[in-house]
Every structure is written in C-alpha cells, then in structure tokens.
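What follows is a single structure, written as structure tokens, with notes after it.
Read-outs: derived from the displayed coordinates by stated rules, not from any lab. This is a predicted model, so every value here is computed, not measured. All Cβ positions, even for glycine, are placed from backbone atoms using ideal geometry, and neighbour counts span all protein chains on display.
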Amino acid sequence: MCGIIGYNGFREADKVLIDCLKRLEYRGYDSAGIGVIGKKLKIFKEVGEISKLEKEIPTLDGDIGIGHTRWATHGSVTRENAHPHISQNKKIAVIHNGIIENFKELKEELEKKGIKFNSATDTEVITHLISNYYKGDLEDAVYSAIKKLKGSYAIAVVCEDEPEKLVGARNESPLIIGVGDNENFIASDIPALLRYTNRVIYLDDGEICVVSKNSVRVLDENKKEVNKKVNLIKWDFKDAEKSGFPHFMLKEIYDQPDSITQVLRGRASEINRTIEFNEKIENILSNGLDSIHIVACGTSYYSSLAGKYLIEKLTNIPVFVELASEYRYFGTRNEKSLIIGVTQSGETADTLAALKEARNSGCRTLVVTNTIGSTATRISDAYILSQSGPEICVAATKTFTSQILVLFLIALKIAMIKNTIGTDELYNYILQLKELPREIRQVLDQNNEILKVAKHLKNCRSVFFIGRGINYPLSLEGALKLKEISYIHAEGFAAGELKHGPFALLTKFTPVVAIVTNDSTYDKIIANIGEIKARGPQVIAIAEDNDTEIDKHADFILRFPSNLDLLSCIPITVILQLLAYHVANLRGCPIDKPRNLAKSVTVE
Amino acid sequence: MKCVILAAGEGKRMHPLTFTRPKVMLPIANKPIMEWNLLNAKKAGLKEFIFVVGYKSEMVRNYFGKGEKWNVNINYVNQGDALGTAHAIGMVKKFTNKFIVLCGDTIFGSQDIKNIIKKEMSIGLVKVDSPEEYGIVETKGKKIVKIYEKMPKPFSNIINAGIYHFNNKIFNFIEKTKKSPRGEYEITDSINMMIKNNDIEGVLLKEWRDVAYPWHLLDANEEILDKIDKKIEGNVEKNTCLNGNIIIGKNSRIMAGSYIEGPVIIGSGCKIGPNCYIRPHTSIGNNCHIGNACEIKNSIIMNNTNVPHHNYVGDSVIGQNCNLGSGTKIANLRLDKKTINISLNGKKIDSKLRKLGVIMGDNVQTGINSIINVSSIIGNNVLIGPGAVASGEIKPHSKIL
C-alpha cells in the first residue's frame, strides 16, 4: 500500500507535493519520491521517511508534478524500487498504489520488445506500457495501457511533452481529485489535500481523469465524459493535526469523549427514548434476520468480537465474526443473514472483497466505517459512519471504541425491533450511553497511575492479557495495542483457557493484565488470578471502582467506573490503550508509525 | 489593475459569529463586509478581483461566484495555511504585476481607493483615537520611513490602514521575509525591507471602518445605514408608520400597526408585524419574522431568524436561523450604568460601551420568558430553556436549562 499525490497549479510543485506526502505518510513510509516537470522532467527519490526526502531534495522548478510514499509490496525497499518510475526516453513518469496481478506476463512481453527494466516493481510495467502506447496524447496512452492491466491500481502520470496535463486512473485502489482555484490535485486520501482545498471528486473504478490547472475531466471506461459531483468536505485540516499532544495516538485517545458523543449524535435519543438510523438501515435490520456475519480485519476484528457479544446478549440472534481474508474464500453465505463489514478506512482490501462476495451471493450488506465516500460505502447496501474524524496514528484507538458503540447501537435497534428488550431497559441503556463521555474523562484522569504501571511493564519480554465474556476480545485488543506499538510480545487469552497450555509460559518476568468485572464470572476470574500468582507473575488488575476484594489479589489495580454493565468495555479499552501508549513511549518507540505497519491495508 | 482582497482569516476575535462563517462574510446592513469593499472598489474603477481565501472558503465562493452579479471578474486563490499577510499576498505572484491589496475585514471608501490607485507603491494611512491597537507608521513628508508593530505607548496616531498599492517588486521582498515573533509572515516586515531602496508614499484616508470585535459590527452598521436612501419594494399594509430612510426588500410584508423609524433595512421575504416597533439603525436579513409586540433597536438580525412575539432586542447581533421564544428579552444596560466588560474566548475586554445586548451565534433557540443578560456571548447551536437566564460567555452546543 502506498500514498499518491499529483499537483497541477500555480504554487511550487515540489513544496506542495512534499507537504501533501507528509500527510499521506501513514499509508506507507519505507521510501518516497517526487517528479516535477519544469523545463524537463526531473525525478528525486529516497529511501526512508518523507522528512529525509525533504532534507536531501534539491529545488525542482515547476508547477506540475507527482509524489509517492511507498509501502513495499513487490520488490524490496531500495531507491530503484521507489516511485516515480520513468520511461526509457525519460519523458513519462508514473506513480502507483495497488498490485498489478499480471505484471510478470506483461513484463516478459515488454522485455521481448527490448525494454530494459530498472526495478523489481510491478509499477514499472505501467510506465513502459504507457510509453509504448504514447503517440502525442497522454490520456489515450493511459487509456490503452490500463486496458491491459489486471489487478488493483490508482495511478498518476505526467509527461514532459504535455506539461499542462496530469492524468490519473483508478481500479480498486482509492483515488480522489481535489478541486482548487487555479490548481487541482489528485490524491489517495482527503487529509493530504485539506490544507489547499475542501472540494473533492471521488473517482470510481475504471474511470480516468485528466487534470489541468483550471479544469478537471473524468472519463469512463468507454472514454465518455462523466459529470461528477464535487463534494464539500466538512472537516478542517486542523482536525488532522496533533493539537498539542506529543503523539497522534495520545490525542486520539483523549479525543474519545468527543468521538463517542459524535457516534451517538442523532442516533440515541434521550427524549424520544429510541435508537434512530436512516430508513435504509432500519429496513435492512428489520427484515427477518436469521444470523449476522461480521467480517473484519485486525483491530476491527476485535471490535467485532466485542460486538458479537453485545448483539447476542441483547437480541439472541447468532453472530459469527469472521476474518475477512478467510471469509471471502471459505465463508458460508445465506440469503437470510446480514453481512456487516467493519473497516475504519473503508478501503481494507480483504473486507471489500468479502463484502463484494457476500453481495454477489444475495446477502444484505452493511458497512461500519469512518470514511465517507470510501469504496466500502459505495459497494454495500447501506453504511453507518462512526463519525470519529480522521485517525492518523496507525494503531487504532478512537475508531475501535466507536466501532463497538455502532455495533451496540445496531444491537439495541434490532432488540427494539424484535422486542427482546423492554422500553425501560432501552431507556436505561440510552442514559448509560449519554453518561459514557463523562466516565471516560474519569478514566483519562488516571493517566498518572497508568503511567506508573507502565514503568513496571517496559522491560518485560512478554505480557499476557486475560478476560472473560466481552472482556476476552478486549484482552485481545489490549495485547494487540501493546505489541504493535511497543514491540513487546503480548497475547490475549480467555481467562479459562490459560491453564490449557499458556500456563507453561508464565514466569516471574511475564506480567499478566487481568480484566475483572463484577458479573457472574467474578469469582472465576479471581480464582484465575490466584492460579497465576502461584506461578510467579505480577498481576495488574483492571477493576471496578467499588471492588475492594481485588486489593487482596492483584499487585497493581487500575480502576474504571462501576455500574456500567455492558458498556464497561469502553472505559476498559481506554485504560488498555493508555497502558500500551505509555509503555511504548517509555521504550522510545515511534508510536504513530510503528515499523512494518501501515494505516489502511489496501492489499490482500 | 487588479484588486486583491485578503479574505482567508478566521477572525478569532469575532467568535462566536465566525464559528460558522469567515470574518469577511459577516453582514453589515445586509451585505457581507467583503461586498461593501467589492462595491467601493468597483466604484473606484476596479473590475478584476483576486480573492485570497482560506477559512470556510466555500461560503465566499458560493456567495460571489465569478462576480457576474456585480459585473466584475473574480478569481480565487486558496492560501492553504494561514501564515500571515505576506504569505497571503505572495500567493498572487503568478496572476498580477501591479495591484491594490485590501484587507477584506476593513471597509474602505471608494474615493480613498481611487487615490491609492493613482499612486503606484503607496500605503493607506489613517488617523485614529486609540492607536495602541494598530501598527504605527513613521513618515517623513509623504514618504513612509518605517511601520512599527503594535506598541503600548505610540508616538503618533497615524496607523497602517490595511490598503496597499504594489508592483511586482514586492514579491522579491516577500520571499525574503522571515517569520515574525508571533509566527507569521507579515507584509509590514516585507515593506520595511523594501523601503530601504524604494520610495513608498503614504496616502491619508478619509473613510475607514475596522471591525475587530463583534460589537464593532453595530458601529459599522450604524455608519452605513446613515447613508441609505428610502427604497420600498415589499408590501406595506395600511395603518403602518414608516419614518425616515427605510429599505424594504422584495416579498416582504409590513403588517398593520408596525412602527418603523429609519434608518432601517429589511431584507426580502420578511414578515414584519403586526404591532411591532423597529427603532433606528437596525438591519434585518432575509426571511425573518418580527412579530407582535416586539421592539428592536440598533441591532443586526441575520437571515432566517425569528423574533416572533413579545421580545425586546436592543444593541445586539443575532445570527442566522435563531428563534426567540415568546417573551425572551435581552437586557442591554447595566443597572449601575457603568461601561460594559465582555468575556470573549475566556478573556475580559472592556468594550467602552454603555449599552450592549447579546452577541448570538447561529441556530440558537430560546424558550418562553427566558432572559438574556447584558453583554452575553452565546455560541452557535445553544439551547436556552423556558424561563432560564443566560449570561456571560456560553460555549457552542450547550444547553441552559
């Protein structure tokens, strides 16, 4: 996965491109490069982060150009493999996000024609194809070239002979056009552009766009001009900045009281005592549901597991949570089941593929995402936005809690429709939801205690997380957060499963984080803690405010507000997030951009 | 000759009104500040405009379009980051050589703009009573010697008015300008560099109205309304009393028993009365409703807002889409008759005014018989319950019950 940006306007293109690339860096950051046309096409590439490119780049004069930040899929991380890739006559430059599946055949074909390849990337075939077809009109050449391609791509192309024109094309990889004044952009994602314009056009699969300084043309597969709607983006580009926090992750953790209010806004109504969604969604939820399949990847998979617990508890409808990459090939499809795709970016390739499969076999599909206009919202029957605002840190925080809440709202809605909960119970839940932001602030106020505990964890080789019921997915998430940002090995287990194997790993040096709620399993988990303590590890308990019993069993205790019932999962998550953050920070890890990871995974 | 209008700023001192619009789109006498500048510049003979936009630029673009309505040509440039006036002016390098620059949030007179047009490389100056709020200009004869930053004890009362006539040499100096202590590229720094080798003349302005804080809108409103002529396009029923210069827009209906003392401007599609009293220096936007037993004085009421029954509104600015409940009244005078202190963005400011009502953002609803205290600042989307008392600074989206 990569980030791409193209600029055509009145500013100095090199500065604009680097500025936009910095905002796309979350899409990948192992190497980067830009190409600018002044009198001639000039290319500059570098291995490493954008800031390194920025330091070493000479001034490239010109007001049209393309830029790319790479997350390697084909070919290792080298300067040769960084984009842009240029044609043999050094006149055409191409950047690409996606994977060309038939690149080996195309490469052989081109090599037979005597073309020499400089890199190991799949992208380079696109460059040579376009160059091969080029007869004085870049859009024709791109048009002919993409006909040959199989796979996913978002590309941007410039040609030295036509310095007034920037050409883009997309298929199954995100690409948008930013419409400015006397300047236009193409980019992978909106935050890259927000500083310059808030008007965007969403390109659809198979379309190509021709972007000049003062106009934008979009052509469909048959080369017919399409009239596209210009959408106004309501977020401010300031929303995408750190606003005073040392890391985006911490900012996003502290955003949660607000992001939760946003999820509930217009959906949970205290006055009408009801849960409201738009008609489309209500229709989908009300027509005789046999079962629900939730498909997701990574963190979204864990939020879905928590969602499964909530939906089953409230509605008695069986819920199956499946990894999208598995479901798409091996899952069962039943026309009476509802498929819910959960994806923060709305571009996760596996989840998209799973949704397409489900839709093709006649299932109803619903998407929970944070990104309006994303591919997922367009290929499903209906979508619910988690309305969390942009999330920049690679490790998901506020979108995780928002996703759980959306699933909770869905659960309440189905329960209302199926009459499995009474109106008083529903009202009670709505009141609890409205209280949540305050409860979370209370948890955030414990920042210092959490930091103290983090100091004990920072030198550990591994950490285990345990919980029962809904706390089991939370322990998985707690472990994922810790491992992805602090590089400490961490694993989550259902508390009862520990003795079936993992016990062998327990030593004095493997602390265990236990999530303890005052429910029917309370005694069981206290017993589990006893078993663990007997093997030597320190136990960090995450427990309710009014739980005094736990003091006798655990070494450290982090508290969350009592009486939250099902919703205790939200404040517990916040504690786990802060714990992971502080451990990573104490270890000096690059929190917002952990090694080898990327924010949205648009490859399969 | 092109005219560059700087319109990118957010106008933090104009909160809460600028939470929902850029500063230049604040209405005075039913036209945005920016439009008054456009009209005056057009009167002075300018037809080619470049708007440097940024914060909520779509509102400027939607209102002015390409300028067909005014028979001028408007081009837009997005500043991106708000990095100061020099950065904003630097944006237009590719589009013009000789040009006039106006700060979009200050209203300039057409004769003054004309005088500036005549003199290449010049700066508008103005004499003010409280120069400590502005950049002071040191002059020698007609020549500018130096422009100073704001100072607590200024040596002169001649200040930089925010209107310039430049040629393309200025861009060389803009490129060399370094960030000022407050982190912005200031055009005054560029000018100070330029003065060393180039003569720049000062032109003293006659008309000048700066609007820094929300209550300054009322002063500007008064100034412009004092100049209007009578023009009635709406329907006026029998038994109404219209005294003085009053403008009434198309499709507005003035119902019996309304007593209106000019100068007053009422937009189009309004329903006024029956039995209401509108006093001088009031601007009422489009599609408003002023109902029975309401009194309004020296106020700005923006589009789609209702003051429907038993209300008093004095010395106030009320945003769009507000609805006052029956009997909601706004106090505008301290009982001890002292000047009014206002808390804005958490800072206390002495307005030096004796009377000030409310500054109310957009989409505010008030319940019946609610009370709004002297000099309250009410954010957008606030809800004030029946019988509640609102006072001080109220954050957007809050509820007072």
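Tabulated results
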{"quantity": "Shielding by partners, peptide A:380-386 (average Cβ within 10 angstrom, other chains)", "calculated": "0"}
{"quantity": "Charge dipole magnitude, Cβ of K and R +1, D and E -1 - the protein assembly as shown, Cα centre, debye nearest 20", "calculated": "2520"}
{"quantity": "Computed helical MRE - 222 nm, chain A, DSSP H runs ≥ 4 contributing -39500 (n - 2.57), nearest 500", "calculated": "-11000 deg cm²/dmol"}
{"quantity": "Distance histogram for the stretch A:53-155 (every C-alpha pair counted, 5 angstrom bins, percent rounded to whole numbers)", "calculated": "2, 12, 23, 26, 20, 10, 5, 2"}
{"quantity": "Dipole of chain A, positive direction: furthest Cα of A:Tyr302, A:Leu366, A:Phe320, with charges on the beta-carbon", "calculated": "A:Tyr302"}
{"quantity": "A:Lys455-B:Lys250 pseudo-label distance in nm [points 7 Å out on the Cα-to-Cβ vector]", "calculated": "7.4"}
{"quantity": "Rg [Å, one decimal], Dmax [Å, integer] - the stretch B:319-378, C-alpha atoms", "calculated": "12.3, 33"}
{"quantity": "Sparsely packed GluC sites (Glu not before Pro) within the stretch A:154-206, loop by DSSP, other Cβ within 10 Å at most 14", "calculated": "A:Glu164"}
{"quantity": "Chain A, relative contact order [Cα under 8 Å, separation at least 6], %", "calculated": "11"}
{"quantity": "Net charge, A:Lys434 excluded, C-beta distance under 13 Å - Lys, Arg +1, Asp, Glu -1", "calculated": "+2"}
{"quantity": "DSSP beta bridge pairing in chain A, given as percent antiparallel to the nearest 5", "calculated": "60"}
{"quantity": "Peptide B:78-89 - average C-beta neighbours from other chains (10 Å radius)", "calculated": "2"}
{"quantity": "Helix A:349-360 vs. chain A, principal-axis angle (Cα, 0 to 90°, nearest 10)", "calculated": "90"}
{"quantity": "The stretch B:286-315 and the stretch A:512-564: distance between their alpha carbon centers, rounded to Å", "calculated": "61"}
{"quantity": "Chain B: relative contact order in percent, alpha carbon pairs under 8 Å with at least 6 residues between", "calculated": "11"}
{"quantity": "With eigenvalues of the C-alpha gyration tensor scaled by 5 and rooted, the stretch A:446-604, Å", "calculated": "24, 18, 16"}
{"quantity": "P(r), alpha carbons of the stretch B:2-212 - 10 Å bins starting at zero, rounded %", "calculated": "9, 36, 41, 14, 1"}
{"quantity": "For the stretch B:110-205, convex hull volume per residue from C-alpha positions, Å³", "calculated": "103"}
{"quantity": "Kirkwood estimate for the stretch A:170-274, i.e. one over the average of 1/r between Cα atoms, Å", "calculated": "16.4"}
{"quantity": "Translational diffusion coefficient (Stokes-Einstein; Kirkwood radius from C-alpha pairs) of the protein assembly as shown at 25 °C, 0.890 mPa s, in µm²/s", "calculated": "77"}
{"quantity": "Per-selection Rg to Rh, the stretch A:3-239 - Cα, Kirkwood hydrodynamic radius", "calculated": "0.93"}
{"quantity": "Contact order relative to length of the stretch B:1-120, as percent, for alpha carbon pairs under 8 angstrom and 6 or more apart", "calculated": "38"}
{"quantity": "Charge sum, other residues only, whose C-beta stays under 12 Å from A:Ile532's C-beta, Lys/Arg counted +1 and Asp/Glu -1", "calculated": "+2"}
{"quantity": "Inter-part distance where the stretch A:319-359 and the stretch A:453-488 are each reduced to a Cα centre, Å", "calculated": "27"}
{"quantity": "Shielding by partners - mean other protein chain Cβ count within 10 Å, residues of A:176-183", "calculated": "3"}
{"quantity": "In degrees, nearest ten, helix B:33-43 long axis to first principal axis of chain B (Cα)", "calculated": "60"}
{"quantity": "Net +/- balance of residues flanking B:Ile340 in space, Cβ distance below 15 Å, scoring K and R +1, D and E -1", "calculated": "+3"}
{"quantity": "Relative frequency of Cα-Cα separations exceeding 22 Å in the stretch B:223-400, percent", "calculated": "41"}
{"quantity": "Which listed pairs, of A:Lys15/B:Lys2; B:Lys153/B:Lys395; B:Lys98/B:Lys176; A:Lys280/A:Lys413; A:Lys22/B:Lys2; A:Lys15/B:Lys179, have C-alpha distances above 23 Å, in listed order", "calculated": "A:Lys15/B:Lys2; B:Lys153/B:Lys395; A:Lys22/B:Lys2"}
{"quantity": "Packing rank of A:16-25, A:567-576, where each peptide gets the mean count of other beta carbons within 10 Å, highest leading", "calculated": "A:567-576, A:16-25"}
{"quantity": "Taking all pairs of distinct alpha-carbon atoms in chain B, Kirkwood radius in angstrom", "calculated": "22.1"}
{"quantity": "Efficiency of FRET between A:Phe509 and A:Phe330 - r from beta-carbon atoms, R0 56 angstrom, step 0.05", "calculated": "0.90"}
{"quantity": "Charge-dipole axis of the stretch A:439-483 as Lys and Arg at +1 and Asp and Glu at -1 on Cβ define it, positive-most pick from A:Ile440, A:Ser462, A:Pro473", "calculated": "A:Ser462"}
{"quantity": "Part-to-part distance (alpha-carbon centres) for the stretch B:175-198 and the stretch B:221-255, which is given in Å", "calculated": "48"}
{"quantity": "Cα-based Rg / Dmax (Å) for the stretch A:194-336", "calculated": "21.0, 57"}
{"quantity": "Chain B: calculated mean residue ellipticity at 222 nm from DSSP helix runs of at least 4, using -39500 (n - 2.57)", "calculated": "-4000 deg cm²/dmol"}
{"quantity": "Beta bridges per DSSP with both ends in the stretch B:223-400, % antiparallel, nearest 5", "calculated": "10"}
{"quantity": "Residue (of B:Ile384, B:Leu46, B:Gly291) at the positive-pole extreme of the protein assembly as shown, dipole from beta-carbon charges", "calculated": "B:Leu46"}
{"quantity": "Helix axis angle, A:398-418 relative to chain A longest principal axis, alpha carbon, degrees", "calculated": "70"}
